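> Before I ask anything, let me first share the structure, which is written out below as structure tokens.
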Amino acid sequence: AAAPAVLVADVSGLHDPGADRALVELLDAAAVRWPGCRVAAVLGEAQAYLHGELQHMQARTFRRGQVDDLAAYLALVRRREAQARVVLALSAKGGVGKSSLIANLAVALATRHGLRVAAVDGDLARGDLARLLGVEPSTTVLDLVSDRAPGGIRAVLDRYLLSLDEGRLALLPAPGGALNGGRPWTALTTRHAQTVLAALGERFDVVLLDTPPDLQRSSPFPAAVLGDGSLPFVGLVVVQPQPMERWGARQVLDFVTAYGTDHGLLRGVLVHRNPATGNARQLEKVLGLEIVEAIPYDPRAAAAHQATELVYDFQKKRLGPPARAYAQLA
């Protein structure tokens, strides 16, 4: 009745297609009954064709002899079923692909899955989520919290949300640049941020939050989620394969752990910002963090002239590798 912490199925010594199908049915049933169970399958050369199907079922596949890799995977923090409505992207520095991650997830969840999605730009000083989504806002979250109309933030929230994708996606922009008007972002408190996110969570299926790289300094939004047990969350830590970037990801993990993660869970997303290859499983070993998706390098995005070119069209029948990775993550 109770879910086991791990389930390992080793079929690498079998040569029976019937046993292969039995494995798929077993793991499919386990995924439904035990969503908190970490699942691994050890495959032989003859079962390589199962790799894609098992990965789609959230089972990690290994070859015979990959004992160290298997042990590292099973040692990761136990998988938990997420009940959160708030998903936030975290990184130790800017320019690693965090805002692009939020923008692409927002569009993919809205257009491919029909969810009602709210995207919040919590990088109050430098946020460019509106530019990525192709809109020029006239008001921001600072205008929202400054509105003194009766009923407070919940009553006036709709006035400050930008509607996109036929109403499925709503954006709450940051006041970076000219829209700041000389107003300090400190006018927005942690209590304001908590109220905004809670109100959005009542109206939308999922709330996606972009955060600044200096998590504890230039925005109250990260603390509003991490420090408030009433807002269950999923934190996506953007990781790059270079040594210094891994060190930055470690800083983020330490920062979040200091708040406590009893009401949330952390997962890693490997984003390739240059053609260099990176090993997701090696990053899992180093960081002790499950890498749930790797976004491959896209030379067309690197040569983009407009920010909107960094967000993909998820309504196409055939998606390129980066768009497929975002869609899988969504």
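Table: residues versus (1) at pLDDT below 85; (2) among the aromatic types (Phe, Trp, Tyr); (3) more than 30 Å from Tyr297 (Cβ to Cβ).
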| site | (1), (2), (3) |
| --- | --- |
| Ser163 | no, no, yes |
| Glu166 | yes, no, yes |
| Gly177 | yes, no, no |
| Leu197 | no, no, yes |
| Leu209 | no, no, no |
| Pro222 | no, no, no |
| Gln242 | yes, no, no |
| Val252 | no, no, no |
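> Residues that are in contact (Cβ under 8 Å) with a residue 40 or more places away in the chain and open to solvent by less than 10 Å² (accessible area, probe 1.4 Å): list the helices (runs of 4 or more DSSP H) wholly contained in segment 110-176 that include at least 1 such residues.
Qualifying helices (runs of 4 or more DSSP H): 129-132, 141-146.
> Filter segment 186-209 for residues that are touching a Lys or Arg at 6+ places or on another chain (Cβ under 9 Å) and not in a helix (DSSP H, G or I) and give the result.
Phe204, Asp205, Val206, Val207
> Moving to a separate point now. What are the residues in segment 297-322 that are under 30 Å from Val39 (Cα atoms) and surrounded by 15 or more Cβ atoms within 10 Å (Cβ to Cβ), if any?
Tyr297, Phe314, Leu319, Pro322
> Among (1) touching a Lys or Arg at 6+ places or on another chain (Cβ under 8 Å); (2) open to solvent by 40 Å² or more (accessible area, probe 1.4 Å); (3) of a type outside the set (D, E, K, R); (4) under 30 Å from Asp69 (Cα atoms), which single condition is Gln240 missing?
Tallying (1) touching a Lys or Arg at 6+ places or on another chain (Cβ under 8 Å); (2) open to solvent by 40 Å² or more (accessible area, probe 1.4 Å); (3) of a type outside the set (D, E, K, R); (4) under 30 Å from Asp69 (Cα atoms), Gln240 fails exactly one: (2).
> Given the criteria within 22 Å of Pro212 (Cα to Cα) and either modelled with pLDDT of 90 or more or open to solvent by less than 40 Å² (accessible area, probe 1.4 Å) (or both), does Leu270 qualify?
Against the criterion (within 22 Å of Pro212 (Cα to Cα) and either modelled with pLDDT of 90 or more or open to solvent by less than 40 Å² (accessible area, probe 1.4 Å) (or both)), Leu270 qualifies.
The values are calculated or read from the model by the stated rules, or taken from the named source; none is laboratory data. Since this is a predicted model, take the numbers as computed values, not measurements. Neighbour counts run over all protein chains shown; Cβ positions are idealised from the backbone, glycine included. All accessible areas refer to the heavy atoms of the entire protein, side chains included, with ligands and DNA or RNA removed. Shrake-Rupley method; radii C 1.70, N 1.55, O 1.52, S 1.80 Å.
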